[in-house]
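Novice: Dropping the structure in here first, questions after.
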Amino acid sequence: MTVRQLQDKILQLKHDTDTCILAHSYMSEDICEVADFTGDSYALAVKAKSTKNKNVIMCGVRFMAEMVKMLNPQKRVLLSNSAAGCPMAEQMDKELIQQVKGQYPDYAVVAYVNTTAELKTIADVCVTSSSAVKICRAIPAQNILFIPDINLGTYVKEQVPEKNFKLLSGGCPTHAKINESEVLAAKKAHPGALFLVHPECRPDVVKHADYVGSTTGIMDFAARSENKEFIIGTENSIVQHLQFAYPEKAFYPLSKDLVCNNMKVTTLSDVYHCLTGDGGEEIVMDEETRLQAVKCIEEMIKYGG
Ligand code: 13P
Ligand code: SF4
């Protein structure tokens, strides 16, 4: 079967089974083409709240599917490939954060959305990469315990100097492995290019950026900019999507290593098998966990909207 034939079957099944497909922008082009909605973590969370269909398939990683379930308990939510986890989301457990909270009782826990549902139950508010600065400024708390990403936390701390931050040393293994020498080499190779970077990268990488933002932020900036060349400092699927959408511009990966293997486990066949009932994993969450965890997502949408 060709990709096109498989996509046609998926579109038909989606209609027949009243299913909505959400795809994070790190998914491959063939999956994004059959999705009802693509975007960054924040956009997907907001969209998840308003989907009308009975069934939702999340093409992304586990914490994203959990977020859809938290916001839509009445819907059947499937993670398209059950092996798709996010290592950052699983770096810190509830016991560790409760212990740290005990040391800083007057700090509000601000959790990057890349956390498990269990960890979200003890967070005061969630943030995504596109909403973190805005939300940390907007919440009433003066003291913030930011978990788990130290790179995003460092970036937010610099943008919000009026507040006090405590950071823990977690982060995204994909973005954090890029170093400053790779930025300098890419800039030397492409002197006319603007450098657009995700805040999950290290501060010595981020400091060279012409623009810092989420996946969607980077894509929107590249679309609007008069510039013709860009070095993309986030997952390499964004380079492909941008090159496809804007063939008259040139997009260069910051590093060939900027590939999230966790996002790459999901294939178009997985999406098909979810729709036929032969694959994927239904997200099941006990109501007590859901009710506690959803509060910080609702707070995020309230302050970030
Ligand atoms: P955004 O979707 O907020 O850009 O985050 C990127 C990411 O690493 C998702 O896991
Ligand atoms: Fe997790 Fe990083 Fe992959 Fe995003 S890019 S899913 S944060 S490992």
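Please treat every number below as a calculation from the coordinates, not as lab data. Remember, predicted model here, so these are calculated numbers, not experimental data. Heads up, the Cβs are rebuilt from the backbone with ideal geometry, glycines too, and the neighbour counts pull from every protein chain shown.
Novice: Neighbouring Cβ atoms within 10 Å as the yardstick, rank L6, L119 fewest first.
Specialist: Sorted ascending by nearby Cβ count, the order is L6, L119.
Novice: Okay, moving on. Provide, for the stretch 1-111, the number of lysine pairs with alpha carbons under 26 Å apart, each pair being eight or more places apart or on different chains.
Specialist: Qualifying lysine pairs in the stretch 1-111: 21.
Novice: What is the fewest-to-most order of M92, M1 by other Cβ atoms lying within 10 Å of their Cβ?
Specialist: Ascending Cβ contact count within 10 Å gives the list M1, M92.
Novice: Cα gyration tensor of the chain, axes a ≥ b ≥ c as square roots of the eigenvalues: rounded (a/c below 1.5), prolate (a/b > b/c) or oblate?
Specialist: Oblate shape, in that a/c is at least 1.5 and b/c is the bigger or equal ratio.
Novice: Could I ask something else about it? Pulled fully out, how much extra length does the chain show between M1 and E288, if you take 0.36 nm times their separation in residues and subtract their Cα-Cα distance? Write down the numbers at each step before the final one.
Specialist: On the way: separation 287, 0.36 × 287 = 103.32 nm, distance 4.44 nm.
Gain on stretching M1 to E288: 98.9 nm.
Novice: Which is the longest stretch in the chain that no exposed loop site breaks, taking sites as trypsin sites (Lys or Arg not before Pro) with a DSSP loop state and at most 14 other Cβ atoms within 10 Å?
Specialist: 55-176
Novice: Could you calculate the contour length gain from E29 to A141, that is, 0.36 nm times the residue separation minus the distance between their Cα atoms, to one decimal place in nm?
Specialist: 36.2 nm
Novice: State the answer as a single residue: which of C32, N55, M67 lies farthest towards the positive end of the charge dipole of the stretch 31-114, with beta carbon charges of +1 for Lys and Arg and -1 for Asp and Glu, about the Cα centre.
Specialist: My answer, from the dipole projection, is N55.
Novice: What FRET efficiency, computed as 1/(1 + (r/R0)^6) with R0 = 35 Å and r the Cβ-Cβ distance, is obtained for D204 and E298, rounded to the nearest 0.05?
Specialist: The pair D204/E298 has a calculated efficiency of 0.45.
Novice: Once the piece of chain linking S82 and K49 is laid out straight, how much longer is it, given 0.36 nm per residue of separation minus the C-alpha distance between them? Don't skip to the end; give the middle numbers.
Specialist: Values: separation 33, 0.36 × 33 = 11.88 nm, distance 2.20 nm.
Stretched fully, the S82-K49 segment lengthens by 9.7 nm.
Novice: Charges only on Cβ, +1 for Lys and Arg, -1 for Asp and Glu: so what's the dipole of the chain about the Cα centre, in debye to the nearest 20?
Specialist: 460 debye
Novice: Which residue, A123, A293, A209, has the most motion in a Gaussian network model of the chain that connects Cα atoms within less than 10 Å?
Specialist: Judging by the Gaussian network model, the answer is A209.
Novice: Mind sorting H241, H198, H175 by how few other Cβ atoms lie within 10 Å of their own Cβ, fewest first?
Specialist: So the residues, fewest neighbours to most, are H241, H175, H198.
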